[in-house]
Amino acid sequence: MLPATLALIEDHPESAAFMAAYLHAQGIAVTAFADSEDFLVSQGAYDFDFYLVDLELPGIDGLDLVRLLRRRVRCGIVVVSGRQAPDVFEQVVNAGADMFLAKPSSASNIGAAVRAVYRRCSALPVAAPWRLDSRKRLLTTPLGVAVELGENDVAVLEVLLAAPGQAVPRDEICRRLGRDPSAATDNWLHATIYRLRRRVEQASSELLPLQSQARVGYVFRGSLTSD
C-alpha cells in the first residue's frame with residue numbers, strides 16, 4: 001500500500017534525484033521542490049497524499065514547514081535529514097511528523113517508512129460526513145460546526161456532491177458558477193476555492209478536504225452529504 005502522490009521537499013539535488021527515482025519506480029507520482037517557500041506557494045501544495053521533508057531548506061526551516069503542514073493535512077509526513085542535534089528526533093515528532101530518518105538512509109528504508117506511515121494513516125477511523133444544506137447555505141463539519149456559505153460556495157459544493165469521490169472538471173464548475181469557461185481563468189477559480197477553504201478554517205478547526213487534481217479539476221476527498 002503506497003500513496004499515489006508525494007511531495008518531496010529537498011534542496012540537495014542528488015538526494016532529491018535519488019529519492020524521487022526510487023519512489024517513482026514504486027509507482028508513486030513524485031513532485032520535487034528545492035525550496036520550502038516555492039512549495040508553499042505552489043497550487044495544490046496541501047493536496048498530496050504524502051510528504052517527505054528535509055530540515056535544512058532555503059526559505060522556511062523544515063521544522064516550521066512540518067508544523068504548517070500538520071495544521072492542514074492528516075496524511076503522512078516523514079522527515080529525512082542530516083541535521084545533527086541531540087533532540088532532533090523529539091523536535092521533529094513534536095512538530096507533527098510521523099517518522100524521522102537520519103541521512104544517509106537507503107532507498108529501501110525510505111520506501112519502507114513511506115509504506116508503514118501511509119498504511120497507518122489509511123487505517124485511521126473514518127470521520128463523520130460533511131453535510132450541506134443548500135437552502136440554508138450551511139455546511140456542517142464532521143465535528144458539528146455549522147459554517148455559513150456564500151452563493152458561490154454552495155454552487156461549488158453542489159457540483160462536488162453530485163460526483164462523490166470524482167474529480168469535477170474546472171469548466172463544469174465555472175459553468176455552475178455562471179462563468180464562461182473560456183473567459184474564466186484558473187486564477188479566478190483558484191481564488192474562489194481558496195475563499196471557501198478559508199471560510200471553513202476560520203469557522204472551525206477543521207480543514208475542508210477539497211483538493212485540486214492536476215490538469216483536471218477539483219475533488220472532495222471526504223464524505224459529503226446533503227440535508
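The calculated FRET efficiency for residue 128 paired with residue 24, based on their beta-carbon distance and R0 = 35 Å, is about 0.45.
Note on residue 166 and residue 17: the model spin-label points, each 7 Å out from Cα along the C-beta direction, lie 4.2 nm apart. Once the Kirkwood radius over Cα pairs is known for the range 117-196, the Stokes-Einstein relation at 20 °C and 1.002 mPa s delivers a diffusion coefficient of 150 µm²/s. Principal axis analysis of the Cα atoms in the range 99-138 yields extents of 56, 17, 13 Å, listed in decreasing size. The modelled label-to-label distance for the pair residue 213/residue 145, using points 7 Å beyond Cα in the direction of Cβ, is 2.8 nm. Here's the picture: charge each Lys and Arg Cβ at +1 and each Asp and Glu Cβ at -1 in the chain, and of 193, 147, 48 the one pushed furthest to the positive end of that dipole is 147. For the range 1-94, the convex hull drawn through the C-alpha positions has a volume of 96 cubic angstrom per residue. Rounded to the nearest 10 degrees, the inclination of helix 186-203 to the longest alpha-carbon principal axis of the chain is 90 degrees. Protein heavy-atom accessible surface, 1.4 Å probe, per residue over the range 138-227: 52 Å². For the range 178-227, carbon and sulfur atoms together expose 43% of the accessible surface, with a 1.4 angstrom probe and every protein chain in place. Structural descriptor for the range 92-160: relative contact order 16 percent, calculated from alpha carbon pairs under 8 angstrom and at least 6 residues apart. Between the listed residues 69, 39, 205, the Cα displaced farthest toward the positive end of the dipole of the chain, a dipole computed from Cβ unit charges relative to the Cα centre, is found at 205. Solvent exposure of the range 18-79, expressed per residue, is 44 Å² of accessible area, with all protein chains present and a 1.4 angstrom probe.
Taking the Kirkwood radius as Rh and the Cα radius of gyration as Rg, the range 84-151 has a ratio of Rg/Rh equal to 1.25. Simple point charges give the picture: +1 on the Cβ of Lys and Arg, -1 on the Cβ of Asp and Glu, and for the chain a dipole about the Cα centre of about 820 debye.
For the residues 108, 36, 204, a GNM of the chain with alpha-carbon springs under 10 Å puts the largest fluctuation on 108. If you bin all the Cα-Cα distances of the chain at 10 Å, starting from zero, the percentages per bin are 7, 31, 32, 21, 8, 1.
The values are calculated or read from the model by the stated rules, or taken from the named source; none is laboratory data. In this text the structure is predicted, and so the values were computed from the model without any measurement. Every residue, glycine among them, receives a Cβ derived from its backbone with ideal geometry; neighbour counts consider all protein chains shown. Heavy atoms of the whole protein, side chains included, go into the accessibility calculation; ligands, DNA and RNA do not. Shrake-Rupley method; radii C 1.70, N 1.55, O 1.52, S 1.80 Å.
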